[in-house]
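Written below as structure tokens is the structure these notes are about.
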Amino acid sequence: MEPTAYDAFQEGCRLLANASPHAAAVALERARDLEPDKGSIRETLGRAYFRTGRFAAARAEFSRAVEIDPVNDYALFGLGLSLLRVGDRSGARRPLKLAVAMRPEMDAYRDALSAAE
């Protein structure tokens, strides 16, 4: 029996939680290929890519997650961080400002926005 997108997503989440982002990315890519319009899969794959230093790939996944769910504050945060890592400070400001507006209590969001300004 073929694994489902849910199975692959759960495996990817477990691997990411166990500090295995490279292996998590493989499982999450399978999940994404099976369910390309699931924002949660795209966001988590973005996190795995970010943790492996694949910042352009992370940016693409976070961007797609935001397209799917525009009020996903963590995807906006990840998009902003990814843009910062590829040197696009001005591009990072908008998603980071939105993330801060949605969750002003998040120190990490405010710190990232400060780094972009």
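Read the figures in this text as sums done on the coordinates, not as results from a lab. The shown structure was predicted, so the numbers you read here are calculated from the model rather than taken from an experiment. Cβ: placed from backbone, ideal geometry, glycine included. Neighbour counts: every protein chain shown.
Among A99, A31, A8, A58, which is more than 12 Å from the chain's Cα centre (by Cα), buried (at least 20 other Cβ atoms within 10 Å of the Cβ) and within 19 Å of A115 (Cα to Cα)? Please lay out each step first, then the result.
Details: A31 fails: within 19 Å of A115 (Cα to Cα); A8 fails: within 19 Å of A115 (Cα to Cα); A58 fails: more than 12 Å from the chain's Cα centre (by Cα).
Within the list A99, A31, A8, A58, the selection yields A99.
Which members of the stretch 80-117 meet the condition of being in a loop (DSSP other than H, G, I, E, B), out of contact with any Lys or Arg (no Cβ under 9 Å at 6 or more places or on another chain) and among the hydrophobic types (A, V, I, L, M, F, W, C)? Walk me through it before giving the result.
Filtering the stretch 80-117 down to residues in a loop (DSSP other than H, G, I, E, B) leaves 86-88, 103-106, 117.
From what is left, the residues that are out of contact with any Lys or Arg (no Cβ under 9 Å at 6 or more places or on another chain) are 87, 103, 105-106.
Once the filter is applied, which keeps residues that are in a loop (DSSP other than H, G, I, E, B), out of contact with any Lys or Arg (no Cβ under 9 Å at 6 or more places or on another chain) and among the hydrophobic types (A, V, I, L, M, F, W, C), the stretch 80-117 yields only M106.
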